[in-house]
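All of the numbers you see were taken from the coordinates with simple rules; none came from a lab. Just so you know, these numbers come straight off a predicted model, no measurement behind them. Here Cβ is always computed from backbone atoms with ideal geometry, including for glycine, and neighbour counts include all displayed protein chains.
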Amino acid sequence: MKAHPLHALSSDGETDASEEFVALLTQHQRTLMAFILGLLPKRPDAEEVLQRVNVVIWRKRDDFELGTNFRAWAFAVAHWETKAFLRERGRQSWLVYDDEVAGLLADRLASVPERGLSARAEALRHCLGELGNDHRRLVVERYQNGSSFKECAEKFGRSEGGLRVTLHRLRVALRKCIVRYIEQSS
Amino acid sequence: MRPVDEELERVISRYVDGEATNAESAWLVARLGSRSADLDSFVERLLMEAEMIQLGAEHELGRVKGRRIRSLLTSPAASSVLAAVAVIALAAVILSLIVLPRRASFAEWSASPGSVVSVSGGKDGKLSEGGVVKVSQGCVEVRLREGVRCLLQSPGVLTLHGAGFAQLEGGIARFEVEEKARGYRVQTSELVVVDLGTVFGIDAMGAGRGEVHVIDGRVEVSSRSGWKGTTEVTAGEAVALGAVGRLEAIPLDGRRFVESLPSGLPALRFSFDRLEKGLIRGEGTIADREGVRIRTGSETDPDWVEGKFGHALAFGGEQFALSNWPGIGGTQPRTISLWMRVSEQTPKLPYPLIGWGDFRDPTRMGDFGIRLAGGTGKVRVVSGRRSLQGESQVVDGKWHHLVVVLGSYQQGSWPEIKVFIDGKEETLLPGEPEAGKMASLETFSTRIDPTYSQPLILGRFLSEEPRHLPGLRGEIDEVVVAEGVITHDQVRALHEGRLEDSGLDFGN
């Protein structure tokens, strides 16, 4: 891919370069989110940091040359923004932050091939389709409506502890299903 | 397929739900750092979580039906269609996340005349979230829709991270926060200020420096480094960051924080026309802000004589006028204007006209001054024993108007400097180096440290320079110093006495 500076082009999103930049950013949303979640596991916080990362990357897009390592750049921004966020908010007392592990995590996530991400996404959709109605309702409540365990417990008439166990088992089952599906597909 | 490590999976679940204890978090981090397989498991779980969050955000989770998905996936063509649709949908989501917030204006800005402002993340006076306003000279007003108004004086940078948070780098800023925006947070490199319903000012000029002055209401102030601490400051109080990061009470100085956009660049003017109770008071926005004055009552005071306009100061070689103003520091743009009359010059001795800064360290360009070169009677701009010299001889017994404009600075060369004599621009050449080692051009930065630097002085060399040299023999009138550069037309306006057209704010 030929490298050319974006600043030579207009910023209205209509040029090929801008579209390519947006495509790159779009393509990396899941891995960036996964990375931030690994460092900052509370979802609302992770979503806020991802938004900041997107804004910073977009604002600095003129500094990036297409053809260079977008992923490395984006992960560096995400790492920096996550640390800044933790400093601003005051690090959660239970969270243990380790720069070396953050680096390992970034390396590992950045090395997941695009094809592998697509395969995982397909597999997850397949496995979600295999869930029973009650389990699917729990997933929707947690991931789509953003409900807390307490809210879920009130809604489903169950204990918080019981729902935690259910969701944990459901996640493990989904992960096994994903791995199995990918192995079978390949 | 690897066997599932139940304990690891359990801790990961608690971790991603934000419910892990410190011990569990530490255990997980230790495992991730030492076992590659555990890191793989963690990465797979994170990717799954991220995918589910994304599907949830797209409201796709409730629509996933096993049979429908399975039937679609059985057809390669259908699969590619699905993938294409997914990419388009995702692109739309991301564009709405990234592009639309940038375009949606959530703040507006305007600047005082003569200001130099660069903005990213906005145009046509609008700013979007993440927008950055950099004011190199002058003053800018930023108004957030959420009910926050900020007046930022140069040089400073304000980054609007969102409706409730801004980053301030340098500058002097006044914040007015409406009730609906209570909790608004401003962070500098050294301090975090959280509004608790108030009007407050932050002085973030200079590294390691920070002051918070509360004009109305109250704020919570925290230091970010060193001896960390948090304190609540109420109306009429102020705190400053101490040497080790502790917050110390200081007197309130609300004058420093302008309440509205000035009509021009901040300026200081000494007309020398009034002498009250032994004080010659400065005029203009800088004088109002910092209470600038020259105290008299010493044997070394200059004489008060008739000048070019009204009165002037006359110096006889041993006399000088020392102000209480530290001058303009760093590489900040500046303009100096004065009228002078010099009849004769002792051969080869330079005459100091005006200066300030720190001359003690000869390896740095920490001082800034204007002189008449020894013997030639030409104007020199000096710093760190280096100089730039004009071409006109001004030692002729006539009044001359001198303006020096110092603009942008690129490290390794002189700042952009222009000298005007009687409204005409001079050609500048490097002057003969003064005795001693010259400072590198890399080091230009006028030092206005209150302990070591010399405040603005007229008619004498800075205190650490050779004392055997006599000072100025001549007169000085209508001294003006401004924070910023002015145009040639504005120089001519000053020369012709049209202060209202000079682009400078002299107050009422």
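Things worth noting here:
- Separation of the A:ARG169 and A:SER185 label points, Cα + 7 Å toward Cβ, nm: 2.7
- Relative packing of peptides A:73-79, B:148-154, A:102-108 - highest average C-beta neighbours within 10 Å first: B:148-154, A:73-79, A:102-108
- Once the chain from A:GLU151 to A:ALA76 is taken as fully extended at 0.36 nm per residue, the excess over their C-alpha distance is 23.4 nm.
- Over chain B, relative contact order from alpha-carbon pairs under 8 Å, at least 6 apart, %: 11
- Once the chain from B:SER36 to B:PHE165 is taken as fully extended at 0.36 nm per residue, the excess over their C-alpha distance is 42.5 nm.
- Built amide H within the under 5 Å cut-off of B:SER392, gap 5+: B:VAL379
- As a length-normalised measure over Cα pairs under 8 Å and 6 or more apart, the relative contact order of the range B:282-412 settles at 21 percent.
- Treating r as the C-beta distance of B:THR231 and B:PHE309 and R0 as 41 Å, the FRET efficiency rounds to 0.25.
- B:ARG274-B:LYS437 pseudo-label distance in nm [points 7 Å out on the Cα-to-Cβ vector]: 4.9
- Length-normalised contact order of the range B:312-372 in % [C-alpha pairs under 8 Å, at least 6 apart]: 26
- Computed from the C-beta positions of B:ARG182 and B:ASP396 and an R0 of 60 Å, the FRET efficiency is 0.40 to the nearest 0.05.
- Computed over the protein assembly as shown, Kirkwood Rh from alpha-carbon pairs, angstrom: 29.4
- Estimated distance in nm for a label pair at B:GLU299 and B:ASP124, the labels positioned 7 Å out from Cα along Cα-to-Cβ: 7.0
- Solitary cysteines of the protein assembly as shown, where the nearest other Cys Cβ is not under 4.7 Å: A:CYS152, B:CYS139, B:CYS150
- Given B:LYS308/B:LYS418; B:LYS134/B:LYS437; A:LYS83/B:LYS180, the pairs whose alpha carbons are separated by over 25 Å: B:LYS134/B:LYS437; A:LYS83/B:LYS180
- Once the Cα-Cα distance is subtracted from the 0.36 nm per residue extended length, the B:SER189 to B:ASP489 segment shows a gain of 104.1 nm.
- Helices of chain B meeting both criteria, an alpha-carbon length of 24 angstrom or more along the long axis and an average Kyte-Doolittle score not below 0.5, with helices taken as full DSSP H segments, are B:76-103.
- Modelled FRET efficiency - R0 22 Å, B:LEU429 with B:GLU344, Cβ distances, 0.05 increments: 0.35
- In chain B, helices alone account for a calculated mean residue ellipticity at 222 nm of -6000 deg cm²/dmol, with every DSSP H run of four or more residues adding -39,500 (n - 2.57).
- Note on B:ASP477, B:ASP288: ascending count of other Cβ atoms within 10 Å places them as B:ASP288, B:ASP477, the fewest first.
- Rounded if a/c under 1.5, otherwise prolate or oblate - the range A:51-186, Cα gyration tensor axes: oblate
- Global form of the range B:342-475, assessed from the alpha-carbon gyration tensor, a/c cut-off 1.5: oblate
- Diffusion constant of chain B at 25 °C, which comes from Stokes-Einstein with the Kirkwood Cα-pair radius and 0.890 mPa s, µm²/s: 91
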